[in-house]
Amino acid sequence: MTDGPFDRVTPMRTADEVERQIELLILEGVLRVGERLPGERDLSRQFDVSRPILRDALKSLEGRGLLNTRHGGGTVVADVIGQVFSQPIIDLIAKHGKATADYLEFRREIDGLAAEFAAGRATEDDRTLIAGIVARMEAAHEKVDFEEEAEIDVELHNAIGEAAHNMILLHTLRSCYRLVSEGVFYNRAVVYQLPGARDKLLAQHKAIAAVVLSGDAAKARAAAEAHIRFVEDSMRLAERNEAWQRISRLRMRQRHDASATLAGDDAS
C-alpha cells in the first residue's frame, strides 16, 4: 500500500504503467483539473520507479495535454474538462437565449440519470462525502452566504455525478456545471433572489441527497428532475420580471421627460 492514489509499478511495465495509472485517475475523476501531483521524489517512491522512468511518463502525459508543468509550481492536471466545449461554441451559446432552455432540458435528463445511478452505486465513502456537503450547504444557507451556497450547489451535483461511477457521465456533467459556474447560461443570483427560491433550492438539494443516500433509484431520478424543472420555471419567471421592470423604467423615464418638456413650455 502507498500513502497516495498511486500503486507500485511492476518492473516489466515501468513508464507505460505509470502513464496508464495517471490516465485512469484523471479519467475516473480522482485527479481533478488543476490538482498538483506530488513532488518527483515522493511520486517515484509511491510508484517504486526510478526518477528517469517517472520523468518519461510525465513528459509523455504532458505532451498529450493531460498534465502541465508550471515553473516553480510543479506538475498539475491539465484543463481537460474545458475541451469538451470549444471556446467558439461557448461564445455562440452565450449569445443565444434558446441555448439556456436546451441546456436545462439536457441537464434535467443527465442529472436525473446521475442521481439514479448514484442511488444504486454509491459506496460508503460516496455517501459520507454527500452527507458532509449537504451539512455545509445548510450552514452556508443559515449564514445567507450566496457565493458559498452557490459553490456548494455545484459541489453537491459533482459529488452525485462521481457516485454514479460512470466516467463518460462524470466528465459530461463536470463540463456542464463549469459553464454554469462561469455564468455562460444564466446568472444563478437571479434565481436565488426570487422570493422563497433559496429555501426551495435547499429543500430540493436535501431531498435529492436523501433519496440517493437511501438507495432509491427511481425517487432519486424524480427528485433531480423536479429540481431542474424548478430552475427552468424560476428562470422564466426571472426573465418575465426583468422584462416588466425594464418596461416600467422606460415608462417612468418617458413620463419624467414629458413632464420636464411641458414645464419648459409653460415657462416660456
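Every number here is computed from the coordinates shown, using simple stated rules; none is lab data. Here the structure is a predicted model, which means the values were calculated and not measured. Neighbour counts run over all protein chains shown; Cβ positions are idealised from the backbone, glycine included.
Brief remarks follow.
- Burial order of peptide ranges 166-172, 62-68 (average beta-carbon count within 10 Å, highest first): 166-172, 62-68
- Summing Cβ point charges (Lys, Arg +1; Asp, Glu -1) relative to the Cα centre of the range 83-240 gives a dipole of roughly 400 debye.
- Distances between every pair of Cα atoms in the range 14-79, grouped in 5 Å steps from 0 to the bin holding the largest one, split as 4, 19, 32, 30, 14, 2 percent.
- Lysine-lysine proximity count for the chain, Cα under 25 Å, sequence distance 8 or more or distinct chains: 4
- The GluC sites (Glu not before Pro) of the range 142-198 meeting both criteria, a DSSP state outside H, G, I, E and B (loop) and at most 16 other C-beta atoms within 10 angstrom of the site's C-beta, are Glu182.
- Compared with the dominant principal axis of the Cα atoms in the chain, helix 197-214 is inclined by about 30°.
- Value of Rg/Rh across the chain [Cα atoms, Kirkwood radius]: 1.14
- Cα gyration tensor shape for the range 83-240, rounded if a/c is under 1.5, else prolate or oblate: oblate
- For peptides 87-94, 25-32, 48-55, sequence by mean Cβ density within 10 Å, most packed first: 25-32, 48-55, 87-94
- Debye log10 I(q)/I(0) at q = 0.18, 0.24 Å⁻¹ for the range 69-161, Cα point scatterers: -1.11, -1.13
- Point-charge dipole on Cβ atoms (K/R +1, D/E -1) for the chain, about Cα centre, debye to 20: 440 debye
- Helix 98-121 vs. the chain, principal-axis angle (Cα, 0 to 90°, nearest 10): 40 degrees
- Fewest-first sequence of His71, His157 by Cβ atoms within 10 Å of each Cβ: His71, His157
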